[in-house]
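A.B. asks: I have a structure here, written as structure tokens, and I will follow up with some questions on it.
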Amino acid sequence: MPPRTKPPPPTSSPPRPSAAEGMKVVVRRNGPYLVTGDVPISVQVIRPDREGLSREWEEGRSWKGGSSYALCRCGHSKNKPFCDGSHARVRFDGTETATRQPFVRQAETTEGPQLTLEDVEGLCAFARFCDPGGKIWNLIGRSDDPAARDLAIREGMRCPSGRLVLHDATGGKPIEPELPPSIGVVEDPALGASGPLWVRGGIRVESEDGKAYEVRHRVTLCRCGASVNKPFCNGSHASIRFRDGIR
């Protein structure tokens, strides 16, 4: 197991203007995700390296979602990624079970000589970018080696769910990728499954009760219907081999 320490105390920073202002994903009770604010949506494919390990993201087809659209949350729509009302037919139970605690209060921390890693395992979307090079937790321990540091940063920034967040060991802002406000429909050909909805760029996710979850740069939302951490993905699509039929 990787070395872990107690979570650091939460920090705060002044709010910044967001390119995602006006964009929102609302979780409907036992129904779809209602997306508003002209949010772009496209397929995002996990491409492996020669060893079959997740290496890079590749953009696929896109849709003109319009100013508002509904995305399937139950996994049964015949018009994925969009909702066709199947949640009513299958009597989908979309009860939200995710905590409202901020990320920093949930995170376990791995400290290295040059990098610190915050990790909330329950948010894992099983994209597996953290595996090459002996896994990111081991790379953190060797982050005084420039090659190990660069690989750790590469892996951490490609984590779609934001389970893994890196900082310089001296503190400061998170090391985050440049992600435009958008939604990615994740496809994982190497796994033989379709993944979650990748909500990027600080788009607000709002519960059915009208309260917002913590706004983060990247999160993944369940669309197979099987997550035990709804509305967020916990990797269940991998175990049930969820396929959306899009590709």
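The values are calculated or read from the model by the stated rules, or taken from the named source; none is laboratory data. The structure presented is a predicted model; accordingly, all values stated were derived computationally and were not measured. As a convention, Cβ positions derive from the backbone with ideal geometry for all residues, glycine included, and neighbour counts pool all protein chains shown. Note: areas computed on protein heavy atoms with side chains; ligands, DNA, RNA excluded. Shrake-Rupley method; radii C 1.70, N 1.55, O 1.52, S 1.80 Å.
A.B. asks: Loop-only check: which GluC sites (Glu not before Pro) in the range 33-131 are DSSP coil with at most 13 other Cβ within 10 angstrom?
C.D. replies: Loop-located and lightly packed - Glu51.
A.B. asks: Which whole-number percent is the relative contact order of the chain (Cα, under 8 Å, 6+ apart)?
C.D. replies: Dividing the mean separation by the residue count of the chain yields 23 percent.
A.B. asks: Something else now. Once phi is turned into ³J(HN,Hα) by the Karplus curve 6.51 cos²θ - 1.76 cosθ + 1.60 with θ = phi - 60°, what whole-Hz value does each residue of the range 213-225 show in order, with x for glycine and proline?
C.D. replies: 6, 3, 6, 10, 5, 8, 9, 10, 10, 5, 9, 8, x
A.B. asks: Can you tell me how much longer the chain between Leu34 and Glu176 gets when fully stretched, taken as 0.36 nm per residue apart minus their C-alpha distance, in nm with one decimal?
C.D. replies: So the chain would gain 48.5 nm between Leu34 and Glu176.
A.B. asks: Can I ask one more? At 222 nm, what helix-only mean residue ellipticity would the chain give, in deg cm²/dmol to the nearest 500, using -39500 (n - 2.57) for each DSSP H run of four or more?
C.D. replies: Result for the chain, helices only: -3000 deg cm²/dmol.
A.B. asks: Okay, moving on. Using heavy-atom solvent-accessible surface (probe 1.4 Å) with all chains present, what is the largest-first order of Arg158, Arg243?
C.D. replies: Ranking Arg158, Arg243 by accessible area, largest first, yields Arg243, Arg158.
A.B. asks: Now for a separate question. Can you pull the percent of the chain's accessible area that's carbon plus sulfur, 1.4 Å probe, other chains left in place?
C.D. replies: 49 percent
A.B. asks: Not counting ligands, DNA or RNA, and with a 1.4 Å probe, what is Val90's accessible surface area in Å² rounded to the nearest 10?
C.D. replies: That residue has around 50 Å² of solvent-accessible surface.
A.B. asks: Kindly express, to the nearest 10 degrees and within the range 0 to 90, the angle between helix 146-157's C-alpha long axis and the longest C-alpha principal axis of the chain.
C.D. replies: 20 degrees
A.B. asks: Continuing with this model, one more query. Heavy atoms only, probe 1.4 angstrom, no DNA, RNA or ligands counted: give me Thr36, Thr170, Thr97 ranked by accessible area, highest first.
C.D. replies: These residues rank, largest area first, as Thr170, Thr97, Thr36.
A.B. asks: Go through Asp84, Asp150 and list them by solvent-accessible area, largest first, probe radius 1.4 Å.
C.D. replies: Numbers: Asp84 75, Asp150 95 Å².
Solvent-accessible surface, decreasing: Asp150, Asp84.
A.B. asks: Right, another one. Using a Förster distance of 41 angstrom, determine the FRET efficiency expected from the C-beta separation of Trp63 and Ala147, and round it to 0.05.
C.D. replies: Step by step, r from the Cβ atoms, then E = 0.55.
A.B. asks: Expressed in nm to one decimal, what extension gain is obtained for the pair Ser207 and Glu108 from 0.36 nm per residue of sequence separation less their Cα-Cα distance?
C.D. replies: Extra length available between Ser207 and Glu108 comes to 33.1 nm.
A.B. asks: So how much slack lies between Lys135 and Asp49, counting 0.36 nm per residue of separation and subtracting their Cα-Cα distance, in nm? Spell out each step's value before the answer.
C.D. replies: On the way: separation 86, 0.36 × 86 = 30.96 nm, distance 1.50 nm.
Taking Lys135 through Asp49 to full extension adds about 29.5 nm, to one decimal.
A.B. asks: Using a 7 Å offset from the Cα along the Cα-to-Cβ direction at both Ser239 and Gln101, what is the distance between the two label points in nm, to one decimal?
C.D. replies: Here the modelled spin labels are 2.1 nm apart.
A.B. asks: Solvent-accessible area of Cys74, probe 1.4 Å, all protein chains present, reported in Å² to the nearest ten, please.
C.D. replies: Spelled out: Cys74, probe radius 1.4 Å, area about 10 Å².
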